[in-house]
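*Asks:* The structure follows.
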Protein chains: 2
Amino acid sequence: MTHPLRSSSDSLSPVFHSTTPLALDCGAELPHFHIAYQTWGQLNKHRSNAILVCHALTGDQFATGKHPLSQKDGWWHHVVGPDKPIDTNKYFVICSNVLGGCMGTTGPQAPRHDKKDTRPWGSDFPVLTIRDMVRAQKRLIDHLTIDQLFCVIGGSMGGMQVLQWATTYPEHVFAAVAIATSTRHTTQNISFHEIGRQAIMADANWHNGHYYDQSRKPDRGLAVARMVAHITYLSEQALHQKFGRNLQNRHNLSYGFDADFQVESYLRYQGAQFVDRFDANTYLYITRAMDYFDLAGEHGGTLAKAFQKTRTRFYVVSFSSDWLFPTSESRLIVKALNAAAVPVSFTEVTSDKGHDAFLLNEPRFHELLHGFLEGAAHHHPSP
Amino acid sequence: MTHPLRSSSDSLSPVFHSTTPLALDCGAELPHFHIAYQTWGQLNKHRSNAILVCHALTGDQFATGKHPLSQKDGWWHHVVGPDKPIDTNKYFVICSNVLGGCMGTTGPQAPRHDKKDTRPWGSDFPVLTIRDMVRAQKRLIDHLTIDQLFCVIGGSMGGMQVLQWATTYPEHVFAAVAIATSTRHTTQNISFHEIGRQAIMADANWHNGHYYDQSRKPDRGLAVARMVAHITYLSEQALHQKFGRNLQNRHNLSYGFDADFQVESYLRYQGAQFVDRFDANTYLYITRAMDYFDLAGEHGGTLAKAFQKTRTRFYVVSFSSDWLFPTSESRLIVKALNAAAVPVSFTEVTSDKGHDAFLLNEPRFHELLHGFLEGAAHHHPSP
């Protein structure tokens, strides 16, 4: 079994070390932090062709290429690469593991004070917000001496980061693509996240978040959290078409509690795979950040105010069968952008794949994304 | 903390003892079993006014009146009682705890062989089907010397029992009301149940199902199972209207993992309440029975064949915002009944309350249910 990366010392990615303290929304301050990131393509001489790709809850910086732990293709290999919709022949693409993550960026498994106190933070790590994650990313972009990103792109929690970038650093984002996302987590989505957290915290191996020196991790709780989340990523139709009521390696019911149905076996596999690459505390922290996300709340309750200073060109995309971040959520973003006179295009892509569609081979979505980037490049002042 | 009933000896309900062995679908045989039940109203001299009410997954025989453990109103107090839609001035109403239950009917917490071997079955209890539950209920109805039930009524898993009654014992059911139900559990519903089971079995206190002699029960796993199920009982709209993103007893986010949002607090409360009245193994067994339910599968894959011998008058009801047992599932029942020339009425009740609507104060539904029973009584040959 492989374990998630514990610190920058065993990182498989380039790591940016920020030694300037980072003030967090919770009031605490991180004295220093690491950001693990990957890049593809070449930054042009005007430093004007950078695209920041933001990952979702269980994603990481390995958007494309082979993942160093799983040896599988990166989570957006359909989208990022030479001649792909986000063309690395043309753009300099950056993807960083979010603050709180478990793939080399500072999070709950990182040591508190590097050399003085090497105990991992565990649940003493400060609770983060999407804005905190974006503030940390901004440090990385500054470090790379990029003044304005050509585009910030992401789906789901990645889309929340996109919205945060365009409202917190509007002058530093030329274009933005917010996919299958929302300006605030819905009640139902908070509920599903709370189930996942409760499953982790109910695991006897969680030890109130201080399990890093224990032989056993809260894997069973984390697996249950993954399983429940996984159902919400798929449409009922996709689940039905893929599995129906088909039995797993048998012709008759077992009359027991093993995985009789293929869908049970599939979910158990998803859970088991996940615990090999993900940290339970990171799951707690990142779901919390998503639940806390409320762009209108940051601007006195009026969403349009969030975009008042934004002149970023927007593309908003939803998928028709996504019930986790349904089209109605995307329409609220579009409405607020319209109210703030921000240029925006919007597409609801017809798909039966549910929320997961943004990660899958969806040619129509990929054509549209490519087209938007071409159009934005055409309007970009820099050659 | 109150505990679920352990055996018939401390039962709060009348108990029917069946000493004739019951052959189960799994191939095993229960040498004897108990059925705990409640009745309301009077059986008429023709014994023709009996209504069997079938309970759902977490229900029990206390459909109306004060529940002896929780001291709350029974789960269908809006529907069953004098001058209520199921009028106990007119009908003799029976409700029994299902086989595998934990309210006095034989289930995993029952002793294996009463006096000889008093160890509880635990996870050695045979896996049950909805048909097994109905077979056991039929014994109770025979014991009460009722040849034909005037009506069998139930929602959700109760509706599955209704469908099973009308296909297994068609000549013994004059009318049937199947509410918010399905002829087979969908892939998504199997998935949600599997999450609940995994949460229970992941609890270190589950002890492979043999926890009855332990000081601690798998309460945390059972609570998580309840929480995830509870989300599926409500519509997104109902959750949003009830809780939105309102904070619980505070004005600001806590930046911690306590219940910040009201919906988190609500779900935790639902979980905590549930473990006081329910048994974790029963949860495993009953969800399994629902997952296994497949009426077409029992009849060579053709649903209409299931109803071929049925002349029962049917009423099928769905609720517009129910995403667990959506209207499309009810339409499949209606289609099969039509194909088998079985008389059927169907209503989709407009409601924003989700699957839970069948348990709540829904006047339109109650009027329709009352009307159907009046009409059926009018056509009943017996006075």
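*Asks:* Here is a check on your reading of the model: is A:C102 within 20 Å of A:A178 (Cβ to Cβ), hydrophobic (A, V, I, L, M, F, W, C) and not in a helix (DSSP H, G or I)?
*Replies:* Details: within 20 Å of A:A178 (Cβ to Cβ): no; hydrophobic (A, V, I, L, M, F, W, C): yes; not in a helix (DSSP H, G or I): yes.
So A:C102 fails the test.
*Asks:* Out of A:L253, A:L222, which single residue is modelled with pLDDT under 95 and either over 30 Å from B:T129 (Cβ atoms) or in contact with a strand residue (DSSP E or B) (Cβ under 8 Å, 6 or more places away or on another chain) (or both)?
*Replies:* Working: A:L222 fails: modelled with pLDDT under 95.
Just one listed residue meets the conditions, A:L253.
*Asks:* Quick one: which helices (runs of 4 or more DSSP H) lie wholly within the range B:266-383 and hold at least 1 residues that are in contact with an Asp or Glu (Cβ under 6 Å, 6 or more places away or on another chain)?
*Replies:* Counting at least 1 such residues, we get B:327-339.
Here is a yes/no grid of residues against (1) facing chain A (nearest Cβ under 10 Å); (2) closer than 29 Å to B:D60 by Cα; (3) among the acidic types (D, E):
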{"residue": "B:R245", "(1), (2), (3)": "yes, no, no"}
{"residue": "B:L253", "(1), (2), (3)": "yes, no, no"}
{"residue": "B:S265", "(1), (2), (3)": "yes, yes, no"}
{"residue": "B:Y283", "(1), (2), (3)": "no, yes, no"}
{"residue": "B:R288", "(1), (2), (3)": "yes, yes, no"}
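*Asks:* So in the range B:68-95, with the set limited to residues that are within 24 Å of B:V228 (Cα to Cα) and touching a residue at least 40 places away in the same chain (Cβ under 8 Å), which one is surrounded by the most Cβ atoms within 10 Å (Cβ to Cβ)? Step through it out loud before you land on a result.
*Replies:* Of all residues in the range B:68-95, those within 24 Å of B:V228 (Cα to Cα) come to B:69-70, B:72-76.
Subset that is touching a residue at least 40 places away in the same chain (Cβ under 8 Å): B:69-70, B:75-76.
Numbers: B:L69: 16, B:S70: 13, B:W75: 23, B:W76: 26.
Only one residue fits best here, namely B:W76.
*Asks:* I've got another one for you. Answer yes or no: is there a residue in the range A:120-143 that is closer than 22 Å to A:G297 by Cα, of a type in the set (A, V, I, L, M, F, W, C), free of Cβ contacts under 8 Å to residues at least 40 places away in the same chain and part of a helix (DSSP H, G or I).
*Replies:* Yes, the range A:120-143 has at least one match.
*Asks:* Condition check: surrounded by fewer than 24 Cβ atoms within 10 Å (Cβ to Cβ) and under 18 Å from the mean Cα position of the chain (by Cα). Does B:D352 satisfy that?
*Replies:* no
*Asks:* OK, next. Consider B:E194 against the criteria (1) assigned to a helix (DSSP H, G or I); (2) more than 7 Å from every other protein chain (Cβ to nearest Cβ); (3) modelled with pLDDT of 95 or more: it satisfies all of them except one. Which criterion is unmet?
*Replies:* Failed condition: (2).
*Asks:* Does A:P108 satisfy the criteria of being touching a Gly at 6+ places or on another chain (Cβ under 7 Å) and either of a type outside the set (K, R) or under 30 Å from A:R364 (Cβ atoms) (or both)?
*Replies:* Working: touching a Gly at 6+ places or on another chain (Cβ under 7 Å): yes; either of a type outside the set (K, R) or under 30 Å from A:R364 (Cβ atoms) (or both): yes.
Against the criterion (touching a Gly at 6+ places or on another chain (Cβ under 7 Å) and either of a type outside the set (K, R) or under 30 Å from A:R364 (Cβ atoms) (or both)), A:P108 qualifies.
*Asks:* Mind listing whichever residues of the range A:216-265 are outside any helix (DSSP H, G or I) and charged (D, E, K, R)? Working first, answer last.
*Replies:* So in the range A:216-265, the residues outside any helix (DSSP H, G or I) come out as A:216-218, A:234-235, A:244-261.
Selection gives A:R216, A:K217, A:R245, A:R250, A:D258, A:D260.
*Asks:* Could you tell me how many of the residues in the range B:200-210 are without any contact (Cβ under 8 Å) to a residue 60 or more places away in the chain, outside any loop (DSSP other than H, G, I, E, B) and either more than 7 Å from chain A (Cβ to nearest Cβ) or under 21 Å from the mean Cα position of the chain (by Cα) (or both)?
*Replies:* At the first step, the residues of the range B:200-210 found to be without any contact (Cβ under 8 Å) to a residue 60 or more places away in the chain are B:202, B:204-205, B:207.
This time we only want the ones that are outside any loop (DSSP other than H, G, I, E, B), so: B:202, B:207.
Retained after the next criterion (residues that are either more than 7 Å from chain A (Cβ to nearest Cβ) or under 21 Å from the mean Cα position of the chain (by Cα) (or both)): B:207.
Adding up the residues that qualify gives 1.
*Asks:* Taking into account only those residues within the range A:9-39 that are more than 25 Å from B:Y255 (Cβ to Cβ) and in a loop (DSSP other than H, G, I, E, B), which is modelled with the highest pLDDT?
*Replies:* For the range A:9-39, the residue satisfying everything is A:P14.
*Asks:* Of everything in the range B:292-338, what is surrounded by 22 or more Cβ atoms within 10 Å (Cβ to Cβ), of a type in the set (V, I, T) and more than 20 Å from the chain's Cα centre (by Cα)? Give them in sequence order.
*Replies:* B:T310, B:T312
*Asks:* Go through (1) at the interface with chain A (Cβ under 9 Å from one of its Cβ atoms); (2) over 30 Å from B:A178 (Cα atoms) one by one and return the number of the condition B:M227 breaks.
*Replies:* (2)
*Asks:* Looking only at the range A:173-189, filter to residues that are assigned to a strand (DSSP E or B) and more than 13 Å from the chain's Cα centre (by Cα); which one of those is farthest from the other protein chains (Cβ to nearest Cβ)? Can you show your working first?
*Replies:* Residues of the range A:173-189 that are assigned to a strand (DSSP E or B), as a first pass: A:173-179, A:184.
Subsequent filtering for residues that are more than 13 Å from the chain's Cα centre (by Cα) retains A:173-177, A:184.
Working: A:V173: 26, A:F174: 32, A:A175: 29, A:A176: 24, A:V177: 26, A:R184: 7 Å.
Only one residue tops the list, namely A:F174.
*Asks:* Only residues that are hydrophobic (A, V, I, L, M, F, W, C) and either at pLDDT 95 or above or more than 29 Å from B:F150 (Cα to Cα) (or both): list them for the range B:304-327, please.
*Replies:* Applying the first criterion (hydrophobic (A, V, I, L, M, F, W, C)) to the range B:304-327 yields B:304, B:306-307, B:314, B:316-317, B:319, B:323-325.
Hits for the range B:304-327 are B:A306, B:F307, B:F314, B:V316, B:V317, B:F319, B:W323, B:L324, B:F325.
*Asks:* Restricting attention to the range A:194-208, does a residue exist that is aromatic (F, W, Y), in contact with a Lys or Arg (Cβ under 7 Å, 6 or more places away or on another chain) and outside the structural domain of A:S351 (by TED's automatic domain parsing)? Steps first, please.
*Replies:* Looking only at the range A:194-208, we keep the residues that are aromatic (F, W, Y), and these are A:206.
Of the ones still in play, those that are also in contact with a Lys or Arg (Cβ under 7 Å, 6 or more places away or on another chain) are none.
Looking through the range A:194-208, none of the residues is aromatic (F, W, Y), in contact with a Lys or Arg (Cβ under 7 Å, 6 or more places away or on another chain) and outside the structural domain of A:S351 (by TED's automatic domain parsing).
*Asks:* Restricting the search to the range B:290-320, which residues are within 12 Å of another protein chain (Cβ to nearest Cβ) and over 28 Å from B:G101 (Cα atoms)?
*Replies:* Result: B:G301, single match.
The values are calculated or read from the model by the stated rules, or taken from the named source; none is laboratory data. Owing to the predicted nature of the structure, the values given are computational and were not obtained by experimental measurement. When we count neighbours, we look across all protein chains shown, and the Cβ atoms used for this are built from the backbone with ideal geometry, even at glycine.
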